[in-house]
1. Could you provide, to the nearest whole Å², the per residue accessible area of the chain with probe 1.4 Å?
2. So which of Lys159/Lys288; Lys23/Lys159; Lys158/Lys379; Lys23/Lys181; Lys57/Lys145 end up more than 18 Å apart by C-alpha?
3. Filter Lys148/Lys301; Lys28/Lys274; Lys225/Lys405 down to the pairs with a C-alpha to C-alpha distance above 19 Å, please.
4. In degrees, nearest 10, range 0 to 90: what is the angle between the Cα axis of helix 2-14 and the longest Cα principal axis of the chain?
5. Please give the calculated 222 nm ellipticity per residue for the chain, where each DSSP H segment of at least 4 residues contributes -39500 (n - 2.57) and the sum is spread over every residue; nearest 500 deg cm²/dmol?
6. About the Cα centre, and with charges only on the beta carbon of Lys, Arg (+1) and Asp, Glu (-1), how big is the dipole of the chain? Nearest 20 debye, please.
7. If exposed means no more than 13 neighbouring beta carbons inside 10 Å and the site is in a DSSP loop, what's the longest run of the chain without any exposed chymotrypsin sites (Phe, Trp or Tyr not before Pro)?
8. P(r) for the chain: what percent of alpha-carbon pairs falls in each 20 Å bin, starting at zero?
Amino acid sequence: MKYLVLFLITFPAMGAISPQIVKESALKYHPSVLAALEEMHAEQEAIRGARGAFDAKIVSDYKRQTKHDWNTTLHRTQFEKPLRLANSKVYAGLEQISNPNGRLAPIYNTGNPATTGQPGNYSLVGLQLSLWKNLLLDPDRAALKNAKYNAQIAKAEKKLTELNIGKLSQLAYWEWVTAKKVHDAYEELLKNGETRNEYLITRNKKGDIAQIVVTENEQYVASRKGALQTAKERLLRAEYALSLFYRNENGEPIIPTSSDTFEEYPSDLAALLKRIDFNSNIDELIQKRPDMRNLAFNVEKTSIDLELARQDLKPQVDVTTEYFKRSERHPDMPLDYLMVMAQVSIPLEFNLGKGNIASAKARQMVAQKQMSLGQQTYKFEVMALARAINLRLEQVTQSEIEFSKSKELVKSEAYKFKTGGGNLFLVNLREEAQASAEASFHEARLAFMDTLLTYQAMVSTGE
């Protein structure tokens, strides 16, 4: 019997909608959370794409020239591996040069100074690197660094999305609860007016009161019906807003109904503040907050762009070293030899470099200012919210007192009216004041939860 009683007591709560249930549903199924997760995956895959600039590959080159006896074919196939150092790459392969007439081909026929057009088969290894421009940074390495920063930014955005959706889902829940409470208050207000109207009509028929009294009360009833319609519209909007966060296992919105049980506001809101740390070090939070870290990442990205732009002012000095070895000996050629080649490019005008540098510096300045403003704004918002929470709680206390006093006045005025010592105007005035005070009480609790949840989201690092 004891277990049956326990089951009956706890069963309604098992099916009740609560802010925690709504939050968990939103974090699991809300499209914004899912989109942020996919964006994070996309940026992580973009890192792999940026690494692709350093993928090994097979390169094949085929040339053929026909000119009487100077008919020559050149075919080179090599394995290349770009390196993340000094804009370099290493390679190894085979080169074949053939001449049907056995004649030596001139250099310009082959386009390969290393082989000088000598017929035969060669194996080769080579190294190519930059000694000045692109030595410390080149476009491929810059793209990889930026891709890594973008992945960190996307990861932080996912955390921010979860914090925001977690807050918004709970606010949507409390807005729905508040809308229900306000709706019920005005529904009760209308019901009292309609009940009184029936009572007044009965007395009018008996000749106890004049028709003008009935008409006056009907005016109040009409006004209360309008107020209830407004409350119904708010409740309807709150139900649909909540369904954006409250979803089933297929991710489809669940619209709550009037028959759904729900978790009430905590009876002691002050107890919620005991769980909150109001002594958090804001400077430490700035270092850990995802949004603040993203501002710093954006500054770092502009530093990479600036350093890459500076490369355009530097002379290009690229060196290639190749080692060749013939497969067969030749009386007029050595068996193997080393060839060193250099490519030099010196800028004579500097519009490209100076323009890119100036543009990169301007973007860096923008990113730094945005980071500075973001940190200042965050700091002041946290400080303001910490102070506002107690003010909101005080508003709840005062609105609860007002609600309590308004109920006492309604009870007293209703008794006076029934006993003939009051008047209809004061009864309706007291009842409407009570409904307004009750609505204000619920609104004050909603405002408190809004401030509390916003503060919690602001001081959370998403870890």
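1. 58
2. Values: Lys159/Lys288 12 Å; Lys23/Lys159 14 Å; Lys158/Lys379 22 Å; Lys23/Lys181 21 Å; Lys57/Lys145 22 Å.
Exceeds cut-off: Lys158/Lys379; Lys23/Lys181; Lys57/Lys145.
3. Working: Lys148/Lys301 10 Å; Lys28/Lys274 29 Å; Lys225/Lys405 25 Å.
The pairs that break the limit, which is 19 Å between Cα atoms, are Lys28/Lys274; Lys225/Lys405.
4. Value to nearest ten degrees: 70.
5. Theoretical 222 nm ellipticity from helices: -22000 deg cm²/dmol.
6. 800
7. In short, 1-277.
8. 16, 30, 22, 16, 10, 5, 1, 0
The values are calculated or read from the model by the stated rules, or taken from the named source; none is laboratory data. Fair warning: this is a prediction, and the values are worked out from it, not measured in the lab. Backbone-built Cβ (ideal geometry, glycine too); neighbour counts: all protein chains shown. Accessible surface areas use protein heavy atoms only, side chains included; no ligands, DNA or RNA. Shrake-Rupley method; radii C 1.70, N 1.55, O 1.52, S 1.80 Å.
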